[in-house]
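The values are calculated or read from the model by the stated rules, or taken from the named source; none is laboratory data. Computed from a predicted model, the values in this text were never measured in an experiment. Because the Cβ atoms are built from the backbone with ideal geometry, glycine has one as well, and the counts that use them run over all protein chains shown.
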Amino acid sequence: MANVDLRNPVVQKALLSLLVAAGVLGVFYFTHLLPFGYPAQSERIDALKADYEKKAAELARARATVADLPRFEAEYDQLHERWTTAAELLPTDRQMAALLRKITLSAQETGCQFVVFRPSSPRTETYYTEMPLQLQVNGGYHQVGSFLAELANMRRIITVGNLHLRQNAQTKGDDGLTTTADCVASAYSLNSSPAPAAPAPTGKKGGAANAHKSS
């Protein structure tokens, strides 16, 4: 390649023309092309940054959920166990046949004998239904106490009311049935839907009196 004579006026003019052209192109790029391309790139970068931050937040929540999963499972198991216990204490169906068998078995296991075993009419309240049983049992004093304790300790809620203890007048003395217990044992079931409220009094007497005054 021939040596370029920088002292040559022609070469100097050519180099000066190249420098001027490069400067013009640079000014044109920075004043015309760059202002149009930079905002688009900036918007894209902002969108990518926002998407990255969103994905990072979702990932953090997912990691927190996975970390808390054992705690959630333990809480669910506890709630399920409580619900199972509550369903046994206050079932939604009456299950009277099974209840009567359990009461009969409790009397047999404690050595008591039934004299009266009579279910009464259910009494429906707003949220539950009461199912009373008229009971009369004969047994020894401690046997009767054990029977009442068995009723109170059943898995299902049973209340004992109107309890009367007296000496068994019909005992033979050698059978051990020295005590008679009369009581009302009530079981309960949860209503599937609240019972309708009782209708308010119509006030017929007041209406009749007003009608009489108006006449």
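Couple of notes before you dig in:
- Residue count, the range 107-126 (criterion: part of a helix (DSSP H, G or I) and surrounded by fewer than 15 Cβ atoms within 10 Å (Cβ to Cβ)): 2
- Candidates in the range 127-141 are the residues that are at pLDDT 90 or above and among the polar types (S, T, N, Q); of these, the one that is surrounded by the most Cβ atoms within 10 Å (Cβ to Cβ) is 138.
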